[in-house]
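Input: a single structure, listed below in structure tokens.
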Amino acid sequence: MPNSSDIEIDEDQPPSSSTQKMAQKLKRKVDKIAQVSRAKAIKLEKSSAKRARREAREKIREKLGDNAPPKQEPRTIENTREPDDTMVQFDDEEVMHDEAYDEFASYFNREVQPKVLLTTSPKAKVNTWKFCFELKKCIPTAELFSRKDVPIKKIIKQAKEKGFTDIVIVHEDRKKPNGIVISHLPEGPTAYFKINSLKYSKEIKGVGESTSHNPEVILNNFNTRLGHTIARMLVSLFPQNPEFRGRRAVTFHNQRDYIFFRHHRYEFKREGEKAALHELGPRFTLRLKWLQKGTFNTREGEYEWVLKRHEMETSRRRFFL
């Protein structure tokens with residue numbers, strides 16, 4: 001057996017490939033750690049400088065008192081949106097006249113009470129039915145029916161005969177709800193929305209239990225003629241007499257042409273000094289794909305508006321609702 005002193009080591013021999021790979025991997029790891037630490041230091045430095053500038057401005061404002069200049073509004077995509085000819089002003093007489101005689105006028109004049117027919121696409125799966133049951137909890141006047149294989153035109157005809165004012169049809173793709181058709185009866189219009197970011201009530205942390213009280217409906221940022229039409233279509237699904245005792249609120253918040261749906265109960269704390277929101281669910285986002293005059297008719301119907309992304313979305317600051 002040879003002695004260890006008799007073994008000759010060749011120092012000029014290059015390291016093996018496995019040793020090289022380990023060294024390269026270790027070097028990459030060290031470089032990444034150093035990069036993350038440098039990024040953290042730069043971010044901390046920027047935040048410290050920003051805080052120092054803010055504190056300096058606050059001191060100047062305190063020193064000037066009432067003569068201090070107004071605070072600058074931060075620039076956002078929303079408040080720098082491109083001007084649109086269809087933007088609606090508060091006192092626009094033409095818009096007020098049109099809305100006084102449009103398809104939703106009878107609802108806003110309290111001549112009819114909403115009665116919503118809620119159904120699904122043919123042979124809907126469990127998740128779609130689950131979403132429909134949650135919508136039914138949000139819309140007090142909704143009645144849920146199984147569609148089976150009945151065509152939409154026949155459903156509309158039957159709904160008119162039975163006095164329904166709106167039809168809501170939930171479509172699905174790959175066994176999950178992915179779209180909603182809303183058709184106002186008897187004369188339309190009809191809109192199709194894409195569903196995004198859906199969360200069922202049980203998936204929301206700390207969710208509350210819904211009640212049967214009529215909710216308050218809140219609409220935000222529907223500023224164009226198209227936005228007004230969509231807002232009037234959505235609010236006409238709900239009764240006009242909210243029951244404030246239930247403290248339920250349904251919100252449709254439009255931001256960059258995405259309509260965020262939220263369902264809350266507001267709660268008062270500290271003897272009414274503060275209020276808090278308790279989410280009831282579901283939670284989802286809608287994106288308008290098209291708006292059609294009249295009731296549902298994809299072949300012969302007249303489209304008022306259709307989303308063509310590559311042609312219409314030419315700027316990040318251009319919105320349609």
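The values are calculated or read from the model by the stated rules, or taken from the named source; none is laboratory data. In this text, all values refer to a predicted model and were calculated from it rather than measured experimentally. For neighbour counting, all protein chains shown are included, and Cβ atoms are generated from backbone atoms with ideal geometry for every residue, glycine included. Calculation scope for accessible area: heavy atoms of the full protein, side chains included, ligands and nucleic acids excluded. Shrake-Rupley method; radii C 1.70, N 1.55, O 1.52, S 1.80 Å.
Give the residue that is least open to solvent (accessible area, probe 1.4 Å), with candidates limited to residues of segment 271-289 that are among the charged types (D, E, K, R) and under 24 Å from LYS308 (Cβ atoms).
ARG287
State all residues of segment 266-281 that are small (Gly, Ala, Ser) and in contact with an Asp or Glu (Cβ under 9 Å, 6 or more places away or on another chain); if no residue qualifies, say none.
Hits for segment 266-281 are ALA275, ALA276, GLY281.
When you look at PHE268, is it open to solvent by 10 Å² or more (accessible area, probe 1.4 Å) and aromatic (Phe, Trp, Tyr), yes or no?
yes
Which of the residues that make up segment 247-264 are among the hydroxyl-bearing types (Ser, Thr, Tyr) and touching a residue at least 40 places away in the same chain (Cβ under 8 Å)?
TYR258
Which residue is surrounded by the fewest Cβ atoms within 10 Å (Cβ to Cβ), if the candidates are limited to segment 198-246 and must be over 18 Å from LEU135 (Cα atoms) and without any contact (Cβ under 8 Å) to a residue 60 or more places away in the chain?
Ranking the candidates gives LYS205 first.
Could you please give the count of residues in segment 176-188 that are more than 9 Å from LEU117 (Cβ to Cβ) and more than 21 Å from the chain's Cα centre (by Cα)?
Number satisfying all stated conditions: 4.
Taking the options ILE139, ILE169, name whichever one is β-branched (Val, Ile, Thr) and within 22 Å of GLN240 (Cα to Cα).
None of the others qualify; the one that does is ILE139.
Of all residues in segment 30-82, how many are in contact (Cβ under 8 Å) with a residue 60 or more places away in the chain and surrounded by fewer than 10 Cβ atoms within 10 Å (Cβ to Cβ)?
1
Please give the helices (runs of 4 or more DSSP H) falling wholly within segment 95-193 in which 2 or more residues are at pLDDT 90 or above, open to solvent by 80 Å² or more (accessible area, probe 1.4 Å) and closer than 22 Å to ARG283 by Cβ.
In segment 95-193, the matching helices (runs of 4 or more DSSP H) lie at 126-138.
Go through segment 290-321 and give me each residue that's open to solvent by less than 60 Å² (accessible area, probe 1.4 Å) and under 30 Å from ARG75 (Cβ atoms).
TRP305, LEU307, MET312, SER315, PHE319, PHE320, LEU321
Across segment 95-134, what is the total count of residues that are over 21 Å from LYS157 (Cα atoms) and among the hydrophobic types (A, V, I, L, M, F, W, C)?
Total satisfying the criteria: 11.
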